[in-house]
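Chemist: Sharing a structure with you now.
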Amino acid sequence: MDIKEKKRYSEAFKLKVMEELRDGKWKTVADAAQAYSVSETGVRHWMKTLGFEHLNGRMIYVKTRTELDEIKRLKAEIRQLKERLA
């Protein structure tokens, strides 16, 4: 029977991971956890204990000018359709 080794991480390391998430180096918590071979649950716990909960569930969208124009066009179309229905 193998005894599972428990790892302990320094506060500096935890803060480094949180700052990288905040700065957008990692798209998701899972990406950061995988990069450092840490459990995703552990990283989420660090978020909670270190005050970085606002990063939880954050998604980063990169949109091109054409995508933004398409979104604007679709919103205008939806607005016109709602006006016609009213």
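The values are calculated or read from the model by the stated rules, or taken from the named source; none is laboratory data. These numbers were taken from a predicted model, which means no experiment stands behind them. Cβ coordinates were reconstructed from backbone atoms using ideal geometry, including for glycine residues, and neighbour counts include every protein chain displayed. Accessible surface areas use protein heavy atoms only, side chains included; no ligands, DNA or RNA. Shrake-Rupley method; radii C 1.70, N 1.55, O 1.52, S 1.80 Å.
Chemist: Limited to the stretch 36-49, what total is found for residues that are open to solvent by 50 Å² or more (accessible area, probe 1.4 Å) and either assigned to a helix (DSSP H, G or I) or modelled with pLDDT under 90 (or both)?
Modeler: Residues that pass the stated criteria total 6.
Chemist: Could you grab the pairs with beta carbons closer than 7 Å, sequence gap of 6+ or different chains, first residue in the stretch 1-30 and under 13 Å from Val43 (Cα atoms), second one at pLDDT 90 or above and assigned to a loop (DSSP other than H, G, I, E, B)?
Modeler: Qualifying pairs under 7 Å: Val17/Tyr36.
Chemist: Which pairs have Cβ atoms under 9 Å, sit 6 or more apart or on different chains, and link a residue in the stretch 45-74 that is at positive phi to one that is modelled with pLDDT under 90 and surrounded by 10 or more Cβ atoms within 10 Å (Cβ to Cβ)?
Modeler: Gly57/Val29
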